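To keep things clear, I will list the structure first and then write my remarks on it.
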Amino acid sequence: MKIETTILNRAKKYFVLASAFIFFLTVLSFVTQQGPWKAPASADQKKNPLASNEQSIAAGRTLFMKDCATCHGKKGKGDGPSAAALGVDFTDFASASFQGQSDGALFWKISEGRKPMPSFKKQYQEQQIWQVVNFIRTLKK
Ligand code: HEC
């Protein structure tokens, strides 16, 4: 009789522990889950001060090949050498839905970053971010 109660109590304890663990994992998966990445509406208000010309596009291309292509690929298809290891679904920068975003939204995303994408606001001057935006526009289909 006594032995049976001990076994039962132990089973209960393990059950409680296992439930707590599963609950913890569930909460964790919700916290780390990321929805679609949207820039705040205020970002659309920021106007691109740089004309899209040979000079700004060439400067943007140089920066893109140096700092972005390892993940996004040279044409923004998400097929850079570091992309596969990240296990993320990359947006095709040539797609209409991507290109439909405002320059300000792109500026905001490049400035802020979102894991695993780094933030560039410390590394780049504003002008350099606009140059990259102008280059990204040339990837449109
Ligand atoms: C370490 C890899 C990595 C690097 C380096 C990187 N990114 Fe990203 N970037 C990502 C990931 C991951 C996402 C989220 C998936 C997606 O939207 O393609 C992303 C998303 C974006 C988006 C938003 C896409 C959308 O759907 O609106 C833009 C714009 C962008 N990156 C631009 C850049 C630019 C410009 C650079 C270089 C200055 C850069 N990224 C460097 C990994 C990277």
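When the C-alpha to C-alpha distance is required to be over 24 Å, the pairs from Lys121/Lys141; Lys66/Lys141; Lys46/Lys74; Lys47/Lys115; Lys47/Lys77 that qualify are Lys121/Lys141; Lys46/Lys74; Lys47/Lys115; Lys47/Lys77.
Highest mobility in the GNM of the chain, judged by mean-square fluctuation with C-alpha springs under 10 Å and restricted to Gly113, Gly60, Gly35, is found for Gly35. Taking Gln99, Gln131, Gln55 in turn, the Gaussian network model of the chain (Cα-Cα springs below 10 Å) assigns the largest fluctuation to Gln55. Annotation: lysines with alpha-carbon distance below 20 angstrom to Lys13 (same-chain offsets under eight excluded): Lys2.
For the stretch 42-110, taking the reciprocal of the average inverse distance between every pair of different Cα atoms yields a Kirkwood hydrodynamic radius of 13.2 Å.
Sorted on the mean count of surrounding Cβ atoms within 10 Å across their residues, most packed first, peptides 119-127, 70-78 read 70-78, 119-127.
3J(HN,Hα) along the stretch 121-138: 5, 7, 6, 10, 7, 3, 4, 5, 5, 5, 4, 5, 4, 4, 5, 4, 5, 6 Hz, from the Karplus curve 6.51 cos²θ - 1.76 cosθ + 1.60 with θ = phi - 60°, whole Hz, x for Gly and Pro. With coordinates expressed along the principal axes, the C-alpha atoms belonging to the chain extend over 87, 33, 29 Å, beginning with the largest. Electrostatic bookkeeping for Ala94 treats Lys and Arg as +1 and Asp and Glu as -1; over the other residues with beta carbon under 9 Å from its beta carbon, the sum is +3.
Stretched out straight at 0.36 nm per residue, the stretch from Glu54 to Glu126 would grow longer than its current Cα-Cα span by 24.1 nm.
Could you compute the net charge surrounding Gly73? Neighbours are other residues with a C-beta less than 12 Å from the C-beta of Gly73; K and R count +1, D and E count -1. Charge balance in the 12 Å sphere: +1.
Once backbone amide H atoms are built at 1.01 Å from N, Met117 has no partners under 5 Å, excluding neighbours fewer than 5 places away on the same chain. With N the number of residues in the stretch 70-126, Rg(Cα) / (2.2 N^0.38 Å) evaluates to 1.15.
Read-outs throughout are calculated quantities, based only on the coordinates presented, and are distinct from any laboratory measurement. In this text the structure is predicted, and so the values were computed from the model without any measurement. Positions of Cβ are generated from backbone atoms using ideal geometry, with glycine treated the same way; all protein chains shown enter the neighbour counts.
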